[in-house]
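For reference, the structure discussed in these notes is given below.
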Amino acid sequence: MLVQNKIESILKRISREDDENALKELFDGYYGKLFETAKFYVSDHSAAQEIVSDVFIKLWNNRLNIEKINNVRSYLFVAIKRQSLNYLRDNRKKLHQSLDESDSIIVVELNSPEKILLSREFVEVLNRAIQELPSKCRLVYSLVKDNGMKYQEVAETLNISVKTVEMHVGKALKRLKIALDSYEE
């Protein structure tokens, strides 16, 4: 990852000088993490590469406004998430295309009983870990993750600060990670 001062310099070079080398520096600095994030969503190596490339192409095309971005790291990760979800949405339509219209071969992957059992166990461990969270922490986590509420919405609903919401979600994620790490061992 890049240092904030260097990022600001890179953004100025991209925006003011149309410096493609600066874009390459930004790309090289964030590619690994962005690729992993995209791959997490789409589970496809080449699609993840394409998603990261598309985000940087859009960034380049909108380079005149690039200096308005306060936190480029957050911006890039949100853009990757949105681009990944768009990819999934667009490809879901392709998957539901009628067989008459399709000339491709459909491959069906059957889950083995072992995979099914392991995934059920994983879900049980996860649900148990969620139930073991402190009540307020569990409520905040549920509102954010299950109901898809934004931190600000949760804060307003529960009459707490956004920082408190962030703290509860962070605590929940740490505890769930510990529980899932022990499951994998």
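Structure data summary
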{"item": "Tail fraction, Cα-Cα pairs, the stretch 113-184, threshold 18 Å, whole percent", "result": "42"}
{"item": "Two-site label geometry, Lys163 and Asn86: point separation in nm, points 7 Å out along Cα→Cβ", "result": "3.6"}
{"item": "Förster radius 30 Å - calculated FRET efficiency between Ile57 and Asn5, Cβ distance, rounded to 0.05", "result": "0.70"}
{"item": "Shape call, the stretch 4-95: gyration tensor on alpha carbons, a/c limit 1.5", "result": "prolate"}
{"item": "Given Lys12/Lys150; Lys81/Lys171; Lys68/Lys145; Lys6/Lys58, the pairs whose alpha carbons are separated by over 28 Å", "result": "Lys12/Lys150; Lys68/Lys145"}
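Each reported figure results from applying straightforward, stated rules to the coordinates on display, with no laboratory input. Keep in mind the model is a prediction, meaning the values are calculated, not measured. All Cβ positions, glycine included, derive from the backbone under ideal geometry; neighbour counts span all protein chains shown.
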